[in-house]
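Here is the structure we will look at.
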Amino acid sequence: MTIRAKILQTILYAVLKVSGWKKKVLWENLEHVRPGLLNTQKKAFYQKLLKNITRDAADFITKSRIYSKEDPRFEIDPASLPVLEKMKKGGLMLTAHFGNYEIIGPWLVRIGIPLVASYAHLHPKILDNWVYSHIRSVDKYNYSLFINNPRDIIKTLDANNLFCLIADQDYRKPRFIPGKLFKKLVHCNPIPQFILEHRPQTPVYICWLNSQNDKRILSAQEITATDGGEIFDKYHLWLEKQIEKSPEEWYGWIHRRYLSTQKSTEIQTS
């Protein structure tokens, strides 16, 4: 990390820890997935997660960790090279709130992959505009797209772009794909199903980063599936392996990943 990034991380960590940011959500998720953890274990988990997320946020905000071919901190898994080459022809890419996932975008763009990433608007609008123009862009190329209509995704794919979806979020609209993460029910985004229905030959990839000391290693794999449910089955198997290896690197712990299914259960039992 640069000195500027370290200073920012220190400030962010102190503010989040003192405020107890997302602590209640983390507690609920851990109790749902890992019942039996002691409070001391949960506190230690929370502190490690905060250190990781503030480190990655500081690197991202200061742009102190942007891929460069000459930078030894960045490596590509050799087994992923053929997959990354195929990704240059477009398709659907899934990723997750795992590790410093935000730097995947600039990295892929700089190695020649025509990335288009879905994003949600932020509030206030001034923050949304700043993130759009300064953070989710590299070399004057903005790779983020707000989806007003799913047909926009089809247009993106038809233009041979790689459409990226962060797929580990709770989906709270009525039409969802049911799935299981750590043997617990989850509601998943139906966009992969929509894509396969309209463009069944679309290749599907998973892309992620692993940390090794100060290095970031980019990996990618292609998965084959006939429908959205099968896509999420394979996606969740991959995600579970990543979380088991580095549980405090998955920032889905501070999202209400299981909220929709828990509410459904409450309605059914009331």
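Any chance the range 110-128 includes a residue that's among the aliphatic types (A, V, I, L, M) and open to solvent by less than 10 Å² (accessible area, probe 1.4 Å)? Yes. Selection of the range 23-38 for residues being touching a helix residue (DSSP H, G or I) at 6+ places or on another chain (Cβ under 9 Å) and open to solvent by 80 Å² or more (accessible area, probe 1.4 Å) yields only Glu31.
Number of residues in the range 129-144 that are open to solvent by less than 20 Å² (accessible area, probe 1.4 Å) and of a type in the set (Ser, Thr, Tyr) equals 3.
Filtered by the rule that a residue be at pLDDT below 95, over 15 Å from the mean Cα position of the chain (by Cα) and under 19 Å from His236 (Cα atoms), the range 192-216 gives no residues. How about the range 87-104: which of its residues are part of a loop (DSSP other than H, G, I, E, B) and either over 29 Å from Ile153 (Cβ atoms) or open to solvent by 20 Å² or more (accessible area, probe 1.4 Å) (or both)? The answer is Lys88, Lys89. Considering Lys42, Lys51, Lys88, the condition of being of a type outside the set (Val, Ile, Thr) and assigned by the TED database to the domain that holds Ile104 is satisfied by Lys88 alone. Return the residue satisfying two criteria in turn: it lies in the range 13-22 and is open to solvent by 40 Å² or more (accessible area, probe 1.4 Å) and in contact (Cβ under 8 Å) with a residue 24 or more places away in the chain, and of such residues it is farthest from Gln262 (Cα to Cα). Applying the filter and picking the extreme gives Tyr13. One residue alone among Leu108, Leu165 is modelled with pLDDT of 85 or more and part of a helix (DSSP H, G or I), and that residue is Leu108.
Surrounded by fewer than 21 Cβ atoms within 10 Å (Cβ to Cβ) and outside any loop (DSSP other than H, G, I, E, B): does that describe Ser80? In short, yes.
For (1) open to solvent by 20 Å² or more (accessible area, probe 1.4 Å); (2) modelled with pLDDT of 95 or more; (3) touching a Leu at 6+ places or on another chain (Cβ under 7 Å); (4) not charged (D, E, K, R), each residue gets a yes or a no:
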position: Ile11; (1), (2), (3), (4): yes, yes, no, yes
position: Gln41; (1), (2), (3), (4): yes, yes, no, yes
position: Ala58; (1), (2), (3), (4): no, no, yes, yes
position: Ile61; (1), (2), (3), (4): yes, no, yes, yes
position: Tyr67; (1), (2), (3), (4): yes, no, no, yes
position: Glu85; (1), (2), (3), (4): yes, yes, no, no
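Annotation note: Cβ proximity below 9 Å between a residue of the range 161-181 that is outside the structural domain of Phe194 (by the TED database) and a residue that is surrounded by 21 or more Cβ atoms within 10 Å (Cβ to Cβ) (sequence gap 6+ or interchain) occurs for no pair.
Of all residues in the range 18-68, those being part of a helix (DSSP H, G or I) and under 20 Å from Asn100 (Cα atoms) number 19. Of the residues making up the range 20-38, just one is small (Gly, Ala, Ser) and closer than 15 Å to Leu49 by Cα, namely Gly20.
Results for (1) more than 29 Å from Glu75 (Cα to Cα); (2) open to solvent by 40 Å² or more (accessible area, probe 1.4 Å), shown as yes or no for each residue.
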residue	(1), (2)
Asp214	no, yes
Thr226	yes, yes
Glu230	yes, yes
Glu249	no, no
Arg257	yes, no
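The values are calculated or read from the model by the stated rules, or taken from the named source; none is laboratory data. The structure displayed is predicted, hence computed values, not measured ones. Positions of Cβ are generated from backbone atoms using ideal geometry, with glycine treated the same way; all protein chains shown enter the neighbour counts. The protein model used for the area step is the full one, side chains on, heavy atoms only, and it has no ligands, DNA or RNA in it. Shrake-Rupley method; radii C 1.70, N 1.55, O 1.52, S 1.80 Å.
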